Amino acid sequence: MLENLSFDLLKSKFNSDKKFKLGTYFVGGIVGLGLVFLLYRQFMWLPDNEKSNDGWWIAMNYISKDSTDQAIKALEPFVRNYDGKSGGEIGQYLLATQYMKKGQFKKALDNLEDVDLDDTYLRVFSTGLQGDCLSEMKKYDEAEHKYFEAAEMEDNEFTSPMYLFKAGLCAEKLKKFDKATEYYTSIQDNYPTFASQKSIEKFLSRSSNNIVK
């Protein structure tokens, strides 16, 4: 069989058989694209990705000093340059927090909705911050859903009751006292430490008393 696959025979078949020629182009194109992707990943994407994980620390220096304008100035070009890289996504999350400190909640929300984070807890906080932005913009219905989503993402003693509590407050704003009561009851039953810190009985009593009988 191998002697039938000589270069001359393949060349002749390539020149005379249109389907074989098209198939060769297709396979060659796929192989070429795969090779380009591997080269890009090895020599460009991976080094850039590693570099991106170092870059956002510069902005952290400004954030730690409460220099919000300086942090934004450092983060905006960094996020543009490293969009899609792991460090660029963290930078975008940090940029959103700085917009929030400036009261620019729409800008913050746009960044948070677009960010793609690997870390589980950062994803939870990012979703919760979207709720904060929506709440500040008085979009309480959307905020409630975001808070509940954040509470459900990673069940733990810190973020889950915190976001259930915020969801309850939004539900009360919307006069959805039955939903607020559900949130507060869940905190009281499942997260007693948080419930005692927030005196959750007071909120539970308030919402349950407002339910239309």
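Read-outs: derived from the displayed coordinates by stated rules, not from any lab. The shown structure was predicted, so the numbers you read here are calculated from the model rather than taken from an experiment. All Cβ positions, glycine included, derive from the backbone under ideal geometry; neighbour counts span all protein chains shown.
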Electrostatic dipole magnitude of the range 119-213 [Cβ: Lys, Arg +1; Asp, Glu -1; Cα centre; debye, to 20]: 540
Compute and list, largest first, the equivalent-ellipsoid semi-axes of the range 56-144 from the alpha carbon gyration tensor, each √(5λ) rounded to a whole angstrom. 21, 15, 11
What ranking, highest mean first, results for peptides 127-134, 111-118, 198-205 when packing means the other Cβ atoms within 10 Å averaged over each residue? 127-134, 111-118, 198-205
Quick one: how many lysine pairs in the range 156-213 have C-alpha atoms under 17 angstrom apart, if they're 8 or more apart or on different chains? 12
Both in Å, the radius of gyration and Dmax of the C-alpha trace of the range 119-213 are 12.6, 44
Final fewest-first order of Thr181, Thr159 on the 10 Å Cβ neighbour count is Thr159, Thr181
